[in-house]
Every structure is written in structure tokens, then in C-alpha cells.
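Student: Take a look at this one; I'll ask things after.
The values are calculated or read from the model by the stated rules, or taken from the named source; none is laboratory data. Quick caveat, the model's predicted, so the values are computed rather than measured. Cβ atoms come from the backbone with ideal geometry, glycine included; neighbour counts cover every protein chain shown. Side chains are part of the model used for accessible areas, which takes the heavy atoms of the whole protein and leaves out ligands, DNA and RNA. Shrake-Rupley method; radii C 1.70, N 1.55, O 1.52, S 1.80 Å.
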Amino acid sequence: MSETLHTTAAALVAPGRGILAADESTGTIKKRLDSIGVESTEEIRRQYRQMLFTTPGLGEHISGVILYDETIRQSADDGRTFVQVLEAAGPIPGIKVDMGAKPLALFAGETVTEGLDGLRERLAEYGQLGARFAKWRATIIIGGGTPTSFAIEANAHAMARYAALCQEADIVPIVEPEILMDGDHDLAACEEATGRTLDALYRQLAAHRVDLAGSLLKVNMVVPGKGNAVQDDDRTIAEATIRCLNANVPAEVPGVVFLSGGMSDEQATSRLNAMNAMGGFPWALSFSYGRALQAPALKAWGGDPANVGAGQAALAHRAKMNGLATEGAYDPSMEPAAA
């Protein structure tokens, strides 16, 4: 397997740095822009991503940026492609390649992620455009009788096929099984479902001959459902997450980058910090946050070119806080009093 894969995977989880997920689909970015009263046109989306990617010092705490198909083809005002902008600043360009979670036929309430058709050819094109890593997300739902073992296996099999195709194309695969926070399940139910999912995923990756040292895991923290009356503290969540990962994730994996879905900006930082302060695991624990990095920047920018600097300052602050959390060095007192 190419040594480039190992080098890239390790660089993405370098100490003090993590990944900015800017791979929102056209539908998702529209919801984000709607929240600040800004129309979602291709030009507005380009301006918003340009603000993020040209943030001064972005590479200090951001190791990579996940792009969307539209975004990887766009350019900044100065004519440089966004890939060139990122490479000059330091972050490694990546790309979301899945086609979304769709209902799993005959399995009510469960999904399977699509996007394998034509993936080999798309990866070749994305590689030519400058992508050096990729992402594929699957959604696992806790409910009455779910997740079923079949839904878990179906998603693990698809992710392993994706990962093998990525490595064939010399692109680092990030595999992202997300156990959704929707529901009223408790912490134990999340830990059980996450464990089953990770066990299936790494069995499938091994069967597909994926080189784990040239891959990364993006996964949820072990947390109770949003509807549960008991919302556990950061320490309890950190212990449960590390326990689950230690039981299911091989040591050859260079890093685990958490997703921030369902958590506030500061919760996502604080919980990551709690895990790194504890230690006791063989991988780098970092972040691959979308909304938890972008939300303050989006609000500060508000679609006004005059506010680009304010938006960039907000992103730089959250990136720095999360960078500190990768080393267990974050403290809430570092947050602005206004927050």
C-alpha cells in the first residue's frame, strides 16, 4: 500500500489540529443560509466558503477540509481554485463522495448509504482535482428494534467497498458511521449500538483488505439521545466513548476524528478535551466538525462582505479551542465572556 496514504492519514490527526467539515450538500447549506436570512445561490455559497478557506492562520489548527462536489470545482476571487487556496494555507483538501442515506428496503426506519456506482471513476476525477482524502457517512438509528444487525452489516459492507476503492486511488478513506442522537435512548444504548457498528465495520474493512494505517475513523461520541431525561456529564461521556473505542477499534488506525452532530459548539470542544485529558488509548483523538466549527462564523458573517473579518475571527477561535482540546489543554475560561 502506498506510503502516501499513511503520511496523509497521520498528517490529518497531527497534534493540535483537526478537520473542518465543509461538505454540506446543496440542501443542507441552504438550511444554514436560511438561518441567517441569506439566499442560497451558487455565488453566495462560493463567497461563504471563500471566507472560511481564506481565514488567516487556518492551517495552524485545521489539518484538512472536506469539500463538496460543487465546492471542489470553485475558485476564489483571485482566480485560485479552492484546492490551491487550501494547499497554500496548509490544510489537506478532501471530498465527500457518498450520495446520502436512503431508506433501507423492507427495513422500516433504517437507512443505507448509496454512492458506490461509478465511484472508481469519480475518485479518479477528484484525485485529479486535488483531493487527498475522502469521506463516506452512514447513519445508524436507535429505536424500537433498531438498529438491526442487517442494517449495520449493510452499511459496514458499503463503507468497506468505498474504503478499498479510495485506497486503490491513493486517497485516504474516512469511514463515518454515525449513531444518531435522535430519540430518548440512554448512554448504555448508544454505547451498545456504537460497539456493534464498529465491530461490523472493522470486520468488513479487514475482509476487503483495507490498510487501516492509511484510513481514519469519524464517529459519534457515546452520548444519550436528545430526548433522554438524563444528560450525562462530560467525564461520563468521555469514559464511555473511550471504553467503546478500546473494545472495537484496532490500534493500527492512526486517528479517530469525532463528529459534532447534536452538540453545542462548546460541548463538542469540552468533551473532546475530557477524553484527551484522560488518555489510555492508542490513537490520536481529534475532530472533524462541521456546524460546531462553522456556526459562529456563519452568524458573524451574516452574508455581508463587510463582516468577512468577523466571520474569520470566529472560525479561528473555534479552531484554536478544538486544537487545544486535542491535547487536553482546553479550559472553558478560554471562551469569550459573551459566549
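Student: Of the residues 297, 314, which is within 21 Å of the chain's Cα centre (by Cα), without any contact (Cβ under 8 Å) to a residue 24 or more places away in the chain, open to solvent by less than 50 Å² (accessible area, probe 1.4 Å) and within 25 Å of residue 24 (Cβ to Cβ)? Explain how you work it out, then say what you get.
Tutor: On the way: 297 fails: without any contact (Cβ under 8 Å) to a residue 24 or more places away in the chain.
Sole residue among the options that is within 21 Å of the chain's Cα centre (by Cα), without any contact (Cβ under 8 Å) to a residue 24 or more places away in the chain, open to solvent by less than 50 Å² (accessible area, probe 1.4 Å) and within 25 Å of residue 24 (Cβ to Cβ): 314.
Student: Filter segment 112-125 for residues that are touching a Gly at 6+ places or on another chain (Cβ under 9 Å) and open to solvent by less than 30 Å² (accessible area, probe 1.4 Å) and give the result.
Tutor: 113, 115
Student: Out of the residues in segment 208-243 that are closer than 17 Å to residue 158 by Cβ and surrounded by 18 or more Cβ atoms within 10 Å (Cβ to Cβ), which is farthest from the chain's Cα centre (by Cα)? Even if it seems obvious, please write down each step before you answer.
Tutor: Within segment 208-243, the first condition is being closer than 17 Å to residue 158 by Cβ, and the residues that meet it are 208-210, 215, 217-219.
From the residues that got through so far, the ones that are surrounded by 18 or more Cβ atoms within 10 Å (Cβ to Cβ) too are 210, 215, 217-219.
On the way: 210: 20, 215: 13, 217: 9, 218: 6, 219: 8 Å.
Ranking the candidates gives 210 first.
Student: Being part of a helix (DSSP H, G or I) and either among the charged types (D, E, K, R) or touching a residue at least 40 places away in the same chain (Cβ under 8 Å) (or both) is the filter here; which residues of segment 281-294 pass it?
Tutor: Across segment 281-294, the qualifying residues are 291, 293, 294.
Student: Also: Does segment 216-235 include one or more residues that are assigned to a helix (DSSP H, G or I), touching a Lys or Arg at 6+ places or on another chain (Cβ under 6 Å), in contact (Cβ under 8 Å) with a residue 40 or more places away in the chain and within 26 Å of residue 18 (Cα to Cα)?
Tutor: Checking segment 216-235: at least one residue is assigned to a helix (DSSP H, G or I), touching a Lys or Arg at 6+ places or on another chain (Cβ under 6 Å), in contact (Cβ under 8 Å) with a residue 40 or more places away in the chain and within 26 Å of residue 18 (Cα to Cα).
Student: Here's something else I'd like to know. Please determine, by comparing only the residues of segment 60-81 that are part of a loop (DSSP other than H, G, I, E, B) and without any contact (Cβ under 8 Å) to a residue 40 or more places away in the chain, which one is nearest to residue 134 (Cα to Cα).
Tutor: Filtering segment 60-81 for residues that are part of a loop (DSSP other than H, G, I, E, B) and without any contact (Cβ under 8 Å) to a residue 40 or more places away in the chain, the one nearest to residue 134 (Cα to Cα) comes out as 74.
Student: Checking residue 179 against (1) in contact (Cβ under 8 Å) with a residue 60 or more places away in the chain; (2) farther than 21 Å from residue 72 by Cα, which test does it fail?
Tutor: So the condition that residue 179 fails would be (1).
Student: Give 66, 36 a once-over and let me know the one that is within 18 Å of the chain's Cα centre (by Cα) and of a type in the set (Val, Ile, Thr).
Tutor: 66
Student: Among the candidates 148, 139, which residue alone is among the hydroxyl-bearing types (Ser, Thr, Tyr) and open to solvent by less than 30 Å² (accessible area, probe 1.4 Å)?
Tutor: 139
Student: Suppose we keep only residues that are assigned to a helix (DSSP H, G or I) and among the small types (Gly, Ala, Ser) within segment 263-280. Which one would you say is surrounded by the fewest Cβ atoms within 10 Å (Cβ to Cβ)?
Tutor: Going through the qualifying residues, I end up with 277.
Student: Take segment 5-33 and flag every residue that is free of Cβ contacts under 8 Å to residues at least 40 places away in the same chain and either under 16 Å from the mean Cα position of the chain (by Cα) or open to solvent by less than 60 Å² (accessible area, probe 1.4 Å) (or both).
Tutor: 27, 28, 29
Student: Still on this model: Sort out which residues of segment 175-207 are in contact with a Ser or Thr (Cβ under 7 Å, 6 or more places away or on another chain) and open to solvent by less than 10 Å² (accessible area, probe 1.4 Å), and write them in order of number.
Tutor: Selection gives 175, 177, 179.
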